[in-house]
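See structure below.
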Amino acid sequence: MQVPLLDLRAQYAPLKPAIMAAFEEISDSQRFILGPKVEEFEKEMAAYCRTAGAVGVSSGSDALIISLMAEGIGRGDEVITSPFTFFATVGAIVRVGATPVFADIDPVTFNIDPAAIAQKITPRTKAIIPVHLFGQAADMDPIMQLAEQHGLVVIEDACQAIGAEYKGRRVGSIGTYGAFSFFPSKNLGCFGDGGAVSCNDIERVKKLKIFRNHGQSSTYFHEYVGGNFRIDALQAAILSIKLKQLDSWSEARQRNAADYRQRFAAAGLTGMVKLPQEAAYPVRHIYNQFCIRVAGGKRDALKQFLGEHEVGCAVYYPLSLHLQPCFKALGGKPGDYPVSEQVSQEIMALPIYGETTPEQRQYVVDTIAAFFAK
Ligand SMILES: *Cc1c(COP(=O)(O)O)cnc(C)c1O
């Protein structure tokens, strides 16, 4: 049996006629950038996120960058974020010239620990970027409280978490901005790169639209130095079609996660691997990833064993960001963020996409059992 980490073909098949029709319509119009398809998707995206507005952009990375730029965050400013996230969260901060400051993560949710944030706030702090990692919301109430106390902007990195909820509120609707990615492997993926920023403040939404088009407030008159952060009409049209199915896909992932829990327990494996835990606060976890932890230095051997038995798996993320060579100048050392460092050595993602079969999930569990029985 083979179980890929992700296979998007099954999800695409029933949507193919609608997507091909959209492709033909846009090809016939020869209007490829922004335009009515983008505006339509932005309305749907804002409704889905329960925000006043949403702005389509070129990627999740650019969603982060444009939010920082719109706030004028740059040289001399500090932005607090998690050391345990995809590179782009921290890359965006450095790209605008600001200084990333890390706060360690919570070992249950793998999300930034609000108590650790409090210790890192200085007079230079301008923003906090909590990441809703793997599809589960960070603990937003204490983060928003700190932000209000210190006058900080909050940019939710919701790139892995579209539709996730925190105490009944959608991610991306709680902070000042929400950054989303439509990279194909996210729960809502387009046919290339794409992203969006959600925002509840209409003035900021207007500013984001100016920033994504080189800061141009009317044709060839530039109010700001923005960038080319535009999304394609074709991507927006595909996203409009796929957004209607998103909840059913996320619910299938939730069912698969519950099913894994039963199968791991039935196989007597819960002492060998630690299954992902849901937060103590109420969440809607959308399981962009189902990440287990393997202690005792066995993670890499298990990963290799699964690979040999054609079970797809991946390590998100193998090196805490404060230890990355490109961030050496920030002065991070081993031991600075012990939870992030330990999790990076133990974590491993298993196939969780909606179309996996019960037989495939059982095969994943059986293969892990075979590894520990060796
Ligand atoms: C995917 C991702 C990004 C970047 O999104 P792109 O669309 O690939 O640029 C940023 N942050 C997190 C947490 C992500 O998972």
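Separation of segment 187-220 from segment 14-41 is 19 Å, based on Cα centroids. Toward the positive end of the charge dipole of segment 246-373, with +1 on the Cβ of Lys and Arg and -1 on the Cβ of Asp and Glu, the farthest Cα among V294, L246, P338 is that of P338. Taking A21, A127, A233 in turn, the Gaussian network model of the chain (Cα-Cα springs below 10 Å) assigns the largest fluctuation to A21. Here's how it looks for Y166: its modeled amide H is under 5 Å from those of V171, R284, which are all 5 or more places away or on a different chain.
For the chain, set up a GNM with springs between Cα atoms under 10 Å and report which of L34, L330, L64 has the largest fluctuation. Its mean-square fluctuation being the largest, the pick is L330.
Every Cα-Cα pair in the chain was counted, and those over 29 Å apart are 42% of them.
Each of Q30 and E278 was given a label point 7 Å from its Cα along the Cα-to-Cβ line. The distance between the two points is 5.3 nm.
For the pair E355 and Q304 in one chain, pulling the backbone fully straight at 0.36 nm per residue adds 16.0 nm over the alpha carbon distance. Based on the Stokes-Einstein relation at 37 °C and a viscosity of 0.692 mPa s, and on the Kirkwood radius from alpha carbon pairs, segment 246-373 is assigned a translational diffusion coefficient of 207 µm²/s. Amide H to amide H distances under 5 Å link I33 with A233, where only residues 5 or more positions off or on other chains count and H is placed in the peptide plane.
Here the Karplus relation 6.51 cos²θ - 1.76 cosθ + 1.60, evaluated at θ = phi - 60°, turns the backbone of segment 288-297 into coupling constants of 4, 9, 10, 10, 9, 10, 10, 8, x, x Hz, with x for every Gly and Pro.
When the GluC sites (Glu not before Pro) in segment 295-374 are filtered for DSSP coil states and for at most 13 other beta-carbon atoms within 10 Å of their beta-carbon, the remaining sites are E310. Projection of the Cα convex hull of segment 119-217, averaged over all directions and equal to a quarter of that hull's surface, yields 7.6 nm². Applying a threshold of 29 Å to the alpha-carbon distances of K126/K298; K242/K328; K16/K303; K274/K333; K16/K274; K120/K303 flags K126/K298; K242/K328; K16/K303; K16/K274; K120/K303 as lying beyond it. What would the Debye formula give as log10 I(q)/I(0) at q = 0.20 Å⁻¹ for the alpha-carbon point model of segment 66-161, no solvent? With no solvent term, the Cα-only Debye profile gives -0.91. Relative to one another, the C-alpha centroids of segment 269-324 and segment 222-244 are positioned 33 Å apart. Over all other residues within a Cβ to Cβ distance under 10 Å of F182, the charged ones net out to +1, with Lys and Arg as +1 and Asp and Glu as -1. Across all directions, the average projected area of the convex hull around the alpha carbons of segment 1-57 is 6.0 nm².
Every read-out reported here was derived from the displayed coordinates using simple, explicitly stated rules and does not represent laboratory data. This is a predicted model, so every value here is computed, not measured. Here Cβ is always computed from backbone atoms with ideal geometry, including for glycine, and neighbour counts include all displayed protein chains.
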